[in-house]
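None of the figures in this text is laboratory data; all of them are computed from the coordinates on show. Here the structure is a predicted model, which means the values were calculated and not measured. Neighbour counts are summed over all protein chains in view; Cβ atoms, including those assigned to glycine, are modelled from backbone coordinates with ideal geometry.
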Amino acid sequence: MKKTKTILNLGWKHILAIFLCASAFVLLHSGRSEKEKSLSISQLLSEMIKPLSHPSLSKLSNEATDEFTKMFPPESELTIEEYIYVYDIPKSILRSNKKTACDYCIRDPGYNAERAILNAVNSSRFVTRDPSKATWKLVPMFYACMVDCGPYDPKRGYVYARSIMQYVKSLPYWQEKDGRDHIFVFSQDKGAYHIANYDKPLFMEFRKGLFISTLHSFMPGRPEAFIPSWDIVIPAIAMEKDAKPITSVEDIPTKGYYAFWRGGIRPRGLYQFRIAMMHKYKTNEIIHVRDGHSPEYPEELANSRFCLYVPGHVPQRWSGALANIIKSGCLIMMVNDCTIRPFHEYLPWDSFTASMSEADFLGDNGENLVTEFATKRYEEIIGNYSKYRKHLMYNIPPKEGDAFSMIIDTLKSRESQIENLNLYEAEQRECKKMIDGKKLSIGVDCSFLTAEELDLCKHGYWIHDYHHAPRKHGQKYMLMNAPP
């Protein structure tokens, strides 16, 4: 009986703690007085439990408070900050709702970035229902889902994006900063440049805002799609609750593969590096590379000391494999030239990953370089990765120091550019002059630039005086498929 009573008491503490958490959350995200708005969650909790002063309830309320504080970090980290307003897009615009919520779009670590970021914002202490209090305004779009959820149709995505922009500009908030304080999240490699294929002026309206994207390679053939000093690169979605422990120093010798990769290589014209890698290492016993999907993939990850993060198809060079590597606990080996790594302004990637150039990996000494990391340098990398991996994983609701916190930190570093478009104008104009002089096709990726040219474009390409007539086939499709 005594054991049963203890279990029941523990259950009541948790129940009351959960009730208090939920009540505090409602207070924090609804209409509150000016006094309440200045309170942290813990302070609100103290106000809420004052009525529990009866002797028979005081002990229980104190125990519940203890359970509550275990659920939340110190109150200094949880002061409410009305920072991001989220547009409520009418369902009449989201009329193809099934296409924005297909199973593939929800579960794929690349495609679900749009949905995961929206959920993180809405469950965070940074969301506000008052646009006048917000520094940034997030526009939920699910653009990649609209394009790719059966069947693939970029024209459908363009018409949908146009409807979204028309709605946003019908409200007064866009005009306040000419769209510079607006955020658009783009999943995988289906960035806004697809919109440019049908209507460049419409794309340039989106381009006034900040893009949060898993795309992280400057594309000289599509330089407007990613502005390194303005846009934010994020890792594909790896949820912390799904993550396995990082490979331990003691476990390293038990893993048979020094490096491992599995993925797609078709269409062949878009995956030159992967095809060259397969040709070089397809029979190698310690560098295990395979194409296509396999039920053995989890076991291959578990049996590998390092997991390779290599370019996807050109020109984006993006790959969703980074999320799988992060979740698996496998150590990261970066072989992806000219990529802008997620949160690169804050994270010392070279200290917690193995890294080498694509040419070195494919060269005569490639296997030796991999072997050195896998047999001599892994201990230091494990120690550093243990400190930094949390910054690459997501939580709903967010936790202090996770990937969403890194997004917030980066947004704060971008605030000065909302008002000042000319912060990097001189550098961006030099990049524009160089890129425009090359007259590159849209399929050209960053490997076509020298190291000096890439450095010239480290702040991006000047886009603010760019003008281009809409493509005729885009306008024709727009008129034929205009929403009622």
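The range 260-294: which chymotrypsin sites (Phe, Trp or Tyr not before Pro) are DSSP loop and have at most 11 other beta-carbon atoms within 10 angstrom?
Here no chymotrypsin sites (Phe, Trp or Tyr not before Pro) fit, given the DSSP loop and packing criteria.
Too long at a 26 Å Cα-Cα cut-off: which of 241/282; 390/432; 137/241; 137/433; 91/169; 282/390?
Long pairs (Cα-Cα over 26 Å): 241/282; 390/432; 137/241; 137/433; 282/390.
Where in the range 214-308 are there GluC sites (Glu not before Pro) that are in a DSSP coil and have at most 13 other Cβ atoms within 10 angstrom of their Cβ?
Those that pass, being in a loop and sparsely packed, are 250, 285, 296.
Mind listing the long-range amide H neighbours of residue 137? Cut-off is under 5 Å, sequence gap 5 or more, other chains count too, H placed in the peptide plane at 1.01 Å from N.
85, 182, 183
Kindly give Rg over Rh for the range 166-289, based on alpha-carbon atoms, with the Kirkwood expression for the hydrodynamic radius.
1.12
Sorted by average packing, counted as other Cβ atoms within 10 angstrom per residue and highest first, what order do 427-437, 111-121 take?
So the order, starting with the most tightly packed, is 111-121, 427-437.
Taking the simple approach of a point 7 Å from Cα along Cα-to-Cβ for both residue 465 and residue 275, what is their distance in nm?
4.2 nm
Kindly write out, for the range 391-396 in residue order, the coupling ³J(HN,Hα) from the Karplus curve 6.51 cos²θ - 1.76 cosθ + 1.60 (θ = phi - 60°), rounded to whole Hz, with x marking Gly and Pro.
For the range 391-396, the Karplus-derived couplings read 6, 9, 10, 10, 9, 10 Hz, x marking Gly and Pro.
Under 5 Å between amide H atoms, partner at least 5 residues away or on a different chain: which partners does residue 125 have, H built in plane at 1.01 Å?
none
With a cap of 13 neighbouring Cβ atoms within 10 Å, and only residues DSSP puts in a loop, list the trypsin sites (Lys or Arg not before Pro) found in the range 227-335.
282
Quick one: what are the phi-derived ³J(HN,Hα) couplings along the range 154-168, Karplus 6.51/-1.76/1.60 with θ = phi - 60°, whole Hz, x for glycine and proline?
Once rounded to whole Hz, the list reads x, 5, 4, x, 5, 4, 4, 4, 5, 5, 4, 5, 4, 5, 4.
Under the rule of at least 5 residues apart or a separate chain, name every residue whose amide H is placed under 5 Å from the amide H of residue 355.
The answer is 334.
If you average the C-alpha positions of the range 395-460 and of the range 357-392 separately, how far apart do those two centres end up, in angstrom?
So the separation of the two Cα centres works out to 26 Å.
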